[in-house]
1. Taking the Cβ of L27 as the center, what net charge do the other residues with Cβ under 11 Å away carry, scoring Lys and Arg +1 and Asp and Glu -1?
2. What is the distance, in nm, between label points placed 7 Å from the Cα along the Cα-to-Cβ direction at T84 and at S2?
3. Got the relative contact order for segment 1-101 handy, in percent, Cα pairs under 8 Å and 6 or more residues apart?
4. What residues qualify as long-range amide H neighbours of D109, i.e. H under 5 Å apart, gap of 5 or more or another chain, H built at 1.01 Å from N?
5. What is the set of long-range amide H partners of K14 at a cut-off below 5 Å, with H atoms built 1.01 Å from backbone N?
6. Based only on other Cβ atoms within 10 Å, what is the fewest-to-most ordering of I70, I93, I47, I9?
7. So what's the net charge close to I78: Lys and Arg +1, Asp and Glu -1, counting the other residues with Cβ under 9 Å from its Cβ?
8. To the nearest 0.05, what FRET efficiency results for I9 and V94 with a Förster distance of 41 Å applied to their C-beta separation?
Amino acid sequence: MSVNKVILIGRAGKDPEMRHFEEGGVLANFSLATTERGYTLANGTQIPESTEWHNITLRSGLAGLAEKFIRKGSKLYIEGRLRTRSYTDKQNIVRYVTEIVGENVELLDNKPEGGTKPLEQKPPVNVAPLENGQVLPPLEQMKDDLPF
């Protein structure tokens, strides 16, 4: 038995880049920042905060909802699996990309862009629809000290 499971809570580093395919498929790609807080060791040494950037890929229904709801700075909960793929660039050099293929995404923001009151027309949603088309409510509001 093996397990390939990734769980991240962070902020989108950019608006999703969308790719629409002729056969109707949709793909969304964006970066997600997760930050570990800085701290001070017992001997007084300062350890600065550290931000990791993750490549996120969403497909089909998740990609379509990402296009509508995810924007740079959106706070997200993402569950998925780790995937490494390779491709050959124009100079014939093999490049490797490690990414998280999202299987469940939840929006954790509770206010619209530029506004201060909670969303009324478009509430935060779990953007992974269930088999019957219903949508689960978001995780409870979480607080952290991300750099943006």
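1. It works out to a net charge of 0.
2. Placing both labels 7 Å beyond Cα along the Cβ direction yields 1.2 nm.
3. 32
4. Sorted by chain and number, the residues that satisfy this are K75.
5. Distant-sequence amide H within range of K14: S31, G73.
6. Ascending number of Cβ neighbours within 10 Å: I93, I47, I9, I70.
7. My count for the surroundings of I78 gives -3.
8. The pair I9/V94 has a calculated efficiency of 0.80.
Values quoted throughout were computed directly from the atomic coordinates according to the rules given, and no laboratory measurement underlies them. None of these values were measured; they are calculated from a predicted model. Backbone-built Cβ (ideal geometry, glycine too); neighbour counts: all protein chains shown.
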